[in-house]
Amino acid sequence: MLCIPENYLLLPNKPSYWDVIHFDIAIVGAGITGSMVAFFLEQYAPNLKIALLDSHPTPNGATTRNAGFACFGSISEFLDDKTTHGEAYAVNLMHRRLAGLSILGDVFKNDDVGWKNYGGVELFMSETVFNQCVEMIPHVNRLLNDKSDTAFKVKVYDSIENGLSGDVKSITNQREGCIDSGLMISALHRKLKSTRFFFGCKVDGLFANGNRVRIETTHYNINAQHVIVATNGFSKSLIPELNVLPNRGQILVTSPLPSFKIHENMHYDRGYYYARQLEDKRILIGGGRHLDKTNEQTDVMETTPKIQRALEGVLRDTLLPEDVDFTVDYRWAGIMAFGENNEKEPLVGRNGNIHYIVRMGGMGVALAPITAKEWVLQFLS
Ligand SMILES: Cc1cc2nc3c(=O)[nH]c(=O)nc-3n(C[C@H](O)[C@H](O)[C@H](O)COP(=O)(O)OP(=O)(O)OC[C@H]3O[C@@H](n4cnc5c(N)ncnc54)[C@H](O)[C@@H]3O)c2cc1C
C-alpha cells in the first residue's frame, strides 16, 4: 500500500507542477529597468525562459511613483554635474539620456504612454545663475549637435497671461516631453509575451548553486541560470557591497489651477525641484531632498513635513501669484538610487551568474531603456 507521510501533506504552499520551471533568466524588480530587460531579451532571444519577479502586486519603487518627465537635464544641472564630476561625465550623461528617450520613442506609441510633446523649461529666480546658464547655452547646444534649433534657448513668459508670479527668467528646450508613468509600465508589461510574472514575491536571498542561482522568495524558491538584479534603491539587501544608496523623492499634487498656463516640464534649482501641470490642470511638484540629505537617504516610503512644506513653499512663494490658493490633494514618496558620491550613472556588473543593473538616478525614464538594451545586446553577444 502507498503510504504518504502525514507531515508531507501538511507542508504549506508548495509550488505546483506548472510553477517548477527551470528558468534561463530571472529578473528581480519589475520597474522600468527590469521590465525593459525582459522586453529586449524577448526581442533578441525569443526562446529564453524568463521570469520577472517583484515584491509588490505592482512595481513599487520609483517607476510608478515618479513625475513622468521624459527628460535629459537642464543647463544648471549640467553645470552642477560638470563641477562635481567633470565635463566629460556631464556630456556623456546627457547624450545617454537623449539616446534613451529615442529608444523609448521606438518602443512605444505615443498614446500608449500618454506622451505629450510639451518640451521643458528651466525657471530662474536668481539673475546671477540665469546669466551663468545663458552664457553656457551656445556651448551646450554645440555639445548636443543642435542642428534643428530645438535645444536650449531663452524664452520670456508673460507672467500675468501664464499665471506665474512676477517676472520669471527661463530657458526652454523642445527635446523633452512627459508621460503617464502608470500607462507606461502597463504598456511595457503588455508587450511581454513569454515572460512569466511572479508579482507579490519578495526575493530574500540569491545563492549561487553550481552554474545556476537559487532565488529564495517569500513564497517558494525558483532557480535560474542567470539572475538580473534590477531593484534600484533596494539593491543593497540583495548585494550589500554595491555602491548604491536609496534616496527618497517626495511629490505633491494640488487641486486644479486652470489659471496656470505653463505646459512644459518645469525644472528649478539645478533639477532639485521639478513641476508639471497635469492634464486635469493640477500642478505636480517634487524634489527638495537636498534640504534634508541625510534623512532622505532612506528606502522608507513616507512623506515628511519638512520636504512637503518646502514643496508647498516653492509653489506659494515662488511660482504662483500671491492671490492663488490651492489645496494639496495627493502626497507621496518614491525611492531613487544614487551612488555614495551622488553618482547618477547606472551601475552595471556581475558576480558570477548574478548580474546587476541598478542606480538609475533621477532620470531613469531616459536611462533605463538604453542601459537595458545595451546590457541585453552585450549579454547575448
Ligand atoms: C519622486 C520621484 C520622482 C521621479 N521623477 C522622475 C522623472 O520625472 N523622470 C525620470 O526620468 N525619472 C524620475 N525619477 C527616477 C525614476 O523613476 C527611476 O530612475 C526609475 O523609475 C528607476 O527604475 P527601476 O526599474 O530601476 O527601479 P524601481 O522603479 O524602483 O523598481 C525596482 C523594483 O524592485 C522591486 N523590489 C525591490 N526589492 C525587491 C526584492 N527584494 N524582491 C523583489 N522585488 C523587489 C520594487 O518593488 C520595485 O518595483 C523619479 C523618482 C522618484 C522617486
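Please count how many residues of the range 173-195 are at pLDDT 95 or above and farther than 12 Å from Val365 by Cβ.
Number satisfying all stated conditions: 11.
Only residues that are basic (Lys, Arg), modelled with pLDDT under 95 and within 16 Å of the ligand (Cβ to nearest atom): list them for the range 247-280, please.
The one that is basic (Lys, Arg), modelled with pLDDT under 95 and within 16 Å of the ligand (Cβ to nearest atom): Arg270.
Quick one: in the range 223-237, of everything that is modelled with pLDDT of 95 or more, of a type outside the set (A, V, I, L, M) and away from the ligand (no atom under 11 Å from the Cβ), which residue is surrounded by the fewest Cβ atoms within 10 Å (Cβ to Cβ)?
Looking at residues that are modelled with pLDDT of 95 or more, of a type outside the set (A, V, I, L, M) and away from the ligand (no atom under 11 Å from the Cβ), I get Gln225.
Among the residues of the range 115-131, count how many are surrounded by fewer than 18 Cβ atoms within 10 Å (Cβ to Cβ) and either free of Cβ contacts under 8 Å to residues at least 24 places away in the same chain or touching a Ser or Thr at 6+ places or on another chain (Cβ under 8 Å) (or both).
5
Given the options Asp204, Asp269, name the one that is charged (D, E, K, R) and surrounded by fewer than 16 Cβ atoms within 10 Å (Cβ to Cβ).
Answer to the check: Asp204.
Among residues belonging to the range 22-62 that are under 19 Å from Asp299 (Cα atoms) and more than 7 Å from the ligand (Cβ to nearest atom), point out the one that is farthest from the chain's Cα centre (by Cα).
Pro57
Of these, Val365, Val348, Val376, which one is surrounded by 14 or more Cβ atoms within 10 Å (Cβ to Cβ), within 14 Å of the ligand (Cβ to nearest atom), at negative phi and in a helix (DSSP H, G or I)?
From the options Val365, Val348, Val376, the qualifying one is Val365.
Which residues, taken from the range 213-222, are buried (at least 18 other Cβ atoms within 10 Å of the Cβ), more than 27 Å from the chain's Cα centre (by Cα) and under 12 Å from Val203 (Cα atoms)?
Ile222
Search the range 64-114 for residues being more than 12 Å from the ligand (Cβ to nearest atom) and β-branched (Val, Ile, Thr), and hand back the single one that is surrounded by the fewest Cβ atoms within 10 Å (Cβ to Cβ).
Selected residue: Thr83.
Do we find a residue being in a strand (DSSP E or B) and farther than 30 Å from Met94 by Cα anywhere in the range 315-329?
yes
Here are Thr195, Thr218: which of them is under 18 Å from Ile21 (Cα atoms), within 16 Å of the ligand (Cβ to nearest atom) and touching a Leu at 6+ places or on another chain (Cβ under 7 Å)?
The unique qualifying residue is Thr195.
Conditions tested, residue by residue: (1) more than 25 Å from Gly73 (Cβ to Cβ); (2) modelled with pLDDT of 95 or more; (3) touching a strand residue (DSSP E or B) at 6+ places or on another chain (Cβ under 7 Å).
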site: Asn295; (1), (2), (3): yes, yes, no
site: Thr303; (1), (2), (3): yes, yes, yes
site: Asp323; (1), (2), (3): yes, no, no
site: Val328; (1), (2), (3): yes, yes, yes
site: Ala337; (1), (2), (3): no, yes, yes
site: Asn342; (1), (2), (3): no, no, no
site: Val348; (1), (2), (3): no, yes, yes
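Check off (1) more than 21 Å from Lys236 (Cα to Cα); (2) not in a loop (DSSP other than H, G, I, E, B) for Thr303 and give me the number that stays unchecked.
Answer for Thr303: the failing condition is (2).
Among the residues of the range 58-75, is any assigned to a helix (DSSP H, G or I) and farther than 19 Å from Lys373 by Cβ?
Checking the range 58-75: at least one residue is assigned to a helix (DSSP H, G or I) and farther than 19 Å from Lys373 by Cβ.
The values are calculated or read from the model by the stated rules, or taken from the named source; none is laboratory data. From a predicted model like this one, the values you see are computed outputs, not experimental measurements. Every residue, glycine among them, receives a Cβ derived from its backbone with ideal geometry; neighbour counts consider all protein chains shown.
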